[in-house]
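Structure first, then comments.
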Amino acid sequence: MSPRDRETRDDGTIAVVGAGGMLGHDLMEVLGPRATGFVRADLDVTDPAAALSCLEGFDVIVNATAWNRVDDAETMRDDAYAVNSDGPANLAAAAARNGARLVHVSTDYVFPGDAAQPYPEDAPTAPVSVYGASKADGERRVREALPSASAIVRTAWLYGRHGPSFARTMLRLADERDTVSVVDDQIGQPTWTRDLAVQIARLINAGTPSGVYHGTNAGRTSWYGFAREIYRLAGLDPERIRPTDSTTFARPAPRPAWSVLGHDAWARVGIEPMRAWQEAIAEAWAVGIFGPG
């Protein structure tokens with residue numbers, strides 16, 4: 001365990017909902033024995049009665065679940081809203097019933113992506129996709145149910161050991177193609193799920209002060225810049241990555257062109273923002289998270 005992970009301490013029992021996902025796996029490792037994980041087979045977040053019964057007795061609930069099939073959400077609205085809006089509402093109701101605190105993980109997709117500066121935590125949400133709208137509605141319902149006992153942590157551009165990611169895709173394509181075209185007109189913050197898990201643990205240790213926080217690694221780059229850094233770390237020629245624009249990859253759901261989030265809210269609770277994305281991915285590469293599995 002790294003020194004960054006040792007910043008966590010015993011601060012009550014924690015339920016991690018969505019423990020089978022990429023972030024959920026890292027949360028379970030970082031939080032250690034004080035955490036109990038729930039996967040879909042254990043707890044269907046769309047079932048209010050199941051949420052109430054499964055989550056009784058926990059001090060903190062972390063919601064790391066999401067219906068994140070962004071393009072499918074455009075035609076499967078009810079499915080997206082069931083998990084991304086009804087689900088958080090059910091977890092918030094369970095937290096309220098049991099006097100627990102809730103950490104709800106959300107997304108940059110709640111913003112329209114038309115800014116030129118980092119979105120502050122209190123910026124108005126204006127999603128441009130069904131997925132983003134469902135996540136924004138989940139945030140609203142959490143705030144309404146638990147105004148003084150909930151923390152919303154928005155994140156973006158996640159990669160980690162325990163799941164598919166852009167970085168893994170780029171490495172696979174390196175074996176299949178001489179060159180790879182990657183969009184250079186979408187800007188965001190590549191974020192290691194391990195760093196995000198540690199940041200959420202710090203928030204819990206601080207008493208889970210209510211509010212909105214942006215859980216992304218610092219700095220900014222495009223998908224093109226991210227791909228070049230992945231190739232550089234892998235000892236591959238970054239010139240094999242070719243820039244293109246979003247019109248080349250038409251998709252049913254629009255993607256935010258600007259997904260850079262501001263981090264000012266952390267100072268309010270005495271927590272340092274997350275480190276630079278380049279530093280994070282360098283360590284992630286060094287510990288071998290992009291290997292098989």
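Laboratory data are not the source of any read-out in this text; all were calculated from the coordinates shown. Note that the structure is predicted; figures quoted are calculated from it, not measured. So basically every Cβ, Gly included, is an ideal-geometry build from the backbone, and we count neighbours across all protein chains shown.
Rg over Rh of the chain, using C-alpha atoms and the Kirkwood radius, what does it come to?
Reported Rg/Rh, Kirkwood definition of Rh: 0.96.
Can you give the helix-only mean residue ellipticity at 222 nm for the chain, where every DSSP H stretch with n ≥ 4 adds -39500 (n - 2.57) and the sum goes over all residues, rounded to the nearest 500 deg cm²/dmol?
The helix-only estimate for the chain comes to -10000 deg cm²/dmol at 222 nm.
For TYR131, TYR119, what ranking results if the residue with the fewest other Cβ atoms within 10 Å of its Cβ goes first?
In increasing order of surrounding Cβ atoms, one gets TYR119, TYR131.
Using amide H atoms built 1.01 Å from N in the peptide plane, name the residues 5+ places from VAL153, or on other chains, whose amide H lies under 5 Å from its own.
Placed amide hydrogens put HIS104, VAL105, SER106, TYR213 under 5 Å from VAL153.
Scan around SER181 for amide H atoms under 5 Å from its own, H built in the peptide plane at 1.01 Å from N, and keep only partners 5 or more places away or cross-chain.
Under 5 Å from the amide H of SER181 lie the amide H atoms of ARG242, each far enough along the sequence or on another chain.
Taking amide H positions as placed 1.01 Å from N in the peptide plane, with prolines and chain starts having none, which residues 5 or more places from ALA276, or on another chain, fall under 5 Å of its amide H?
Amide H to amide H, under 5 Å and 5 or more residues apart or across chains, ALA276 pairs with ALA218.
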